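**Q** First the structure, which I've put down as C-alpha cells, then a few questions once you've had a look.
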Amino acid sequence: MERLIGVDIGGTRTRVGAVRAGQVLARRVFPTRGLAEVKEAIAALLKEVGWEKPDAIGVGAPAPMDMRQGLILNAPNLPHWDGVNVVEGLRETFRCPVFLGNDANCAALGELVHGWKARNFLYVTWSTGIGGGIVAGGQVVWGATGQAGEIGHITLDPNGPLCRCGKRGCLEAIAGGAALGDRALERVGQRLSAKELVERARKGEPGALSLIDSACLAMGQALAIVAELLEPEMIIFGGGLTNSWDFLGPKVVTGLQTMSRVRPRVELTKLGDDVGLLGAAALPLHFPKL
Ligand SMILES: [Zn+2]
C-alpha cells in the first residue's frame, strides 16, 4: 500500500492528505462539515497528485465509534457525523479499503511510525477538547473497542464542572480549550478564547492566571496518574494550546513532577499539525485486531 489518503476530522477543522512513505504530498484543510465535503476533498487531492484511486483510506475522528463497523456514534462535537458509516460511505465512492479510528489514537500511531518513534509513550492532544493515545511496547493500545487512552475524561474532581461527556470534573472540563472559555466567562466576566486567556495570564491578570494555573495543575495531575500506571519514557503533546507551550509547558511539567515518581521526558509532536493526518494514513497498515 503506497498511495494512502489520511483524513483527520477535528472538532473545528478537517485535514485530508495524500500520503506516500510518510510524506504528505498534498493536503486540504477546511471547516469540519460532513461526509460529502470529505469526498470532495479526496477527489480533488487524487486529481492533484495524479492518482486514479488510493490504495487505502484511514480516517481519525474525535467521537465514540464502532471501529469494526466504521460507524461514528452519538458525536456531540460532530453534528454532521452522528450515525454516519464512514467506512461504507468512502468505500463505495473510492473502491478501496477504508479504516476508522479514534483521532488521538491515530495521532499516537502517527508519532510512533513517523515522529519520535519511542516505544512507550503517551500522546496528548490539547485543544478544544483533550484526547490521548497510549503506545506501550511499540504498539498502540486501542482498548476493547478502540477508545483507550481518553485522558481528557479522567475524573479529577467529582464535584467539579460538568463535562460535555455528562460526568463532572473531567480533565477536559477543567483544562480543555472550550471549558477554559466557559470558565473565563464565570471568573473574568468575559467569554475568551483559550489563547486570549493565556495572553491575559502572561500579563499577570489574577483571574486569568488562576484559571490557567489550575488547568496546568490538572493536566499535570492526570499525566501523573498515567505515568505511575504505565511508566512511559515520553509524554508527547500536540494540539492548538501547545502554541503557548513556552508558558503552559513548565507549569504542566512542574505539576507532573510534583505528583509522579516517574519522570518521563515531555516534548511536543515532531509532526506539527500533520500528526493526526499522518496517523490516520498509517491506520490501514496498522489496523488492530479487535
Ligand atoms: Zn468528560
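Matching residues to (1) within 16 Å of the ligand (Cβ to nearest atom); (2) polar (S, T, N, Q); (3) free of Cβ contacts under 8 Å to residues at least 60 places away in the same chain:
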position	(1), (2), (3)
Trp126	yes, no, no
Gly129	yes, no, no
Leu185	no, no, yes
Val188	no, no, yes
Ala201	no, no, yes
Leu217	no, no, yes
Gln221	yes, yes, no
Leu229	no, no, yes
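**Q** Let me ask something else. Can you tell me which residue among Ala222, Ala208 is in the same structural domain as Ala179 (by TED's automatic domain parsing), buried (at least 21 other Cβ atoms within 10 Å of the Cβ) and closer than 19 Å to Gly131 by Cα?
**A** Just a single option satisfies the conditions, and that option is Ala222.
**Q** How many of the residues making up the stretch 165-174 are within 8 Å of the ligand (Cβ to nearest atom) and out of contact with any helix residue (DSSP H, G or I) (no Cβ under 6 Å at 6 or more places or on another chain)?
**A** 2
**Q** Considering only residues that are free of Cβ contacts under 8 Å to residues at least 60 places away in the same chain, near the ligand (Cβ under 10 Å from one of its atoms) and among the hydrophobic types (A, V, I, L, M, F, W, C), which ones fall in the stretch 140-164?
**A** The answer is Leu162, Cys163.
**Q** OK, next. Residue under question is Ile134, and the condition is that it be within 13 Å of the ligand (Cβ to nearest atom) and in contact (Cβ under 8 Å) with a residue 24 or more places away in the chain; does it hold?
**A** No.
**Q** Name the pairs whose Cβ atoms lie under 7 Å apart, with the first residue in the stretch 238-259 and free of Cβ contacts under 8 Å to residues at least 40 places away in the same chain and surrounded by 15 or more Cβ atoms within 10 Å (Cβ to Cβ), the second in a helix (DSSP H, G or I) and of a type in the set (S, T, N, Q), and 6 or more positions between them or separate chains?
**A** That search, which allows pairs on different chains as well, returns Gly255/Gln221; Met259/Gln221.
**Q** Determine which single condition Leu90 fails, assuming it passes every other condition in (1) in contact with a His (Cβ under 9 Å, 6 or more places away or on another chain); (2) surrounded by 17 or more Cβ atoms within 10 Å (Cβ to Cβ).
**A** Looking at each condition in turn, Leu90 falls short on (1).
**Q** Now a separate question. Which condition from (1) more than 21 Å from the chain's Cα centre (by Cα); (2) within 16 Å of the ligand (Cβ to nearest atom) is the one that Gly177 breaks?
**A** (1)
**Q** Looking at the structure I just gave you, is Val24 within 28 Å of Ile235 (Cβ to Cβ) and either part of a helix (DSSP H, G or I) or in contact (Cβ under 8 Å) with a residue 60 or more places away in the chain (or both)?
**A** In short, yes.
**Q** In this structure, does Leu197 turn out to be away from the ligand (no atom under 16 Å from the Cβ), free of Cβ contacts under 8 Å to residues at least 24 places away in the same chain and surrounded by 24 or more Cβ atoms within 10 Å (Cβ to Cβ)? Write out each step before concluding.
**A** Values: away from the ligand (no atom under 16 Å from the Cβ): yes; free of Cβ contacts under 8 Å to residues at least 24 places away in the same chain: yes; surrounded by 24 or more Cβ atoms within 10 Å (Cβ to Cβ): yes.
Yes: the conditions hold for Leu197.
The values are calculated or read from the model by the stated rules, or taken from the named source; none is laboratory data. Nothing here was measured: the structure is a model prediction, and the numbers come from that model. Quick reminder, even Gly has a Cβ in these numbers, built from the backbone with ideal geometry, and neighbours come from all protein chains shown.
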